[in-house]
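See below for the structure under consideration.
What follows draws every value from the coordinates through simple rules; no lab data is involved. In this text, all values refer to a predicted model and were calculated from it rather than measured experimentally. Here the Cβ is made from the backbone with ideal geometry for all residues, glycine too, and neighbour counts use every protein chain on show.
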Amino acid sequence: MKKHLKVKAFLGLILIFSLVNILLARSLLAQDNIIANGLTENLPANLSSEDKLNLSCLMESYPDIWGVQEDIQGIWLIFKNGERVLYSQNSNNIYENSLNTSPLSVDVKRSMEQPYVLEPERPETPEGYAPGRKRSYALFSALYGKTKAQVQANLRPVRILGGHWSFVPQAAEAFKEASLAIMTKLAQDRSLKSWLKGNGSFCWRKIAGESVLSVHSFGIAFDIGVGHGATYWRWCKKRPHPLQKTYPSAIVASFEEAGFIWGGKWHEYDLMHFEYRPELICKAKRLRRQSYEPLPMNQGQESKASGRYVWPKRQGFFSD
Ligand SMILES: [Zn+2]
């Protein structure tokens, strides 16, 4: 009899343990859903359609960003670990603007201000036109590391396209994806191969002639094509440079498709330079589509129940 009671008690314990586990799993899943839906709090009612497009592309490109919040200083991107990065600064901000150390260091909104144009288009590059060259260093630091040692600890070696490269994991995956597309194109056009000779990826250094860090410091950039005369605006007097129009589109298009922008589309051209900026590629794709199909006005809405701002589902209007 005693033995029978012991078995019952044991089975009861197993049942309670299983129930607790199921409840825990459900609560974690609910949390994940909130993150996936990208709920945002305390947003101004008059958020512009450009802000909505930018924020949606940022959250799609960088899953570590789970929300957006506004305070007296401006609008902030909130990371899963609680870190905050300034998206846009309020114009009536009473705080000192600490970003003005270099005209190339800006908040996230200004880093996305000039629309990048995808292949096969090669836009004119008048003075002042360099989409992606102004950057938010706070965003890169939050995503990839704040010091050389922190970035280095994240680096992954990539051996592909006949070269040895070092990238942070997100850029490494995108680089591999582009490389596969390029290998298919190489089978049809062997002349592309010599353009792919590498001239470096990760390197903790400043931009030549500038006071800010190069994006090579964050493990998201690489240089190729020097043997074909791919050069940097400070080393060459030509404005514009003929390669800005003639550089092989098959290579640029493959890297753009995987999330990289090309420095050949800047007034201050850097013809050898590609960098991982998926938020700019996302915005470029959506703007290109809008030019054929105008945006409806009802993107996202304020939830009456929670008072929170809810993004449209990723599979909805904004998805590519
Ligand atoms: Zn470079």
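Laid out as a table, the results:
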quantity	calculated
Assigned charges on the beta-carbon of Lys, Arg, Asp, Glu; region 168-273 dipole about Cα centre (debye)	460 debye
Label-point separation in nm, residue 184 to residue 291, each point 7 Å along Cα→Cβ	2.4 nm
Theoretical gain in end-to-end length, residue 160 to residue 234 [0.36 nm per residue, Cα-Cα removed]	23.6 nm
Farthest toward positive dipole pole in region 117-290 [+1 Lys/Arg, -1 Asp/Glu at C-beta], among 284, 209, 250	209
Centroid-to-centroid separation of region 175-221 and region 264-292 [C-alpha atoms, Å]	15 Å
Extended-chain gain in nm, criterion 0.36 nm per residue less alpha-carbon gap, residue 81 and residue 177	31.7 nm
Theoretical FRET efficiency, 1/(1+(r/R0)^6), r = Cβ-Cβ of residue 49 and residue 8, R0 51 Å, to 0.05	0.20
Residue exposure sequence - 165, 76 - by fewest surrounding Cβ within 10 Å	76, 165
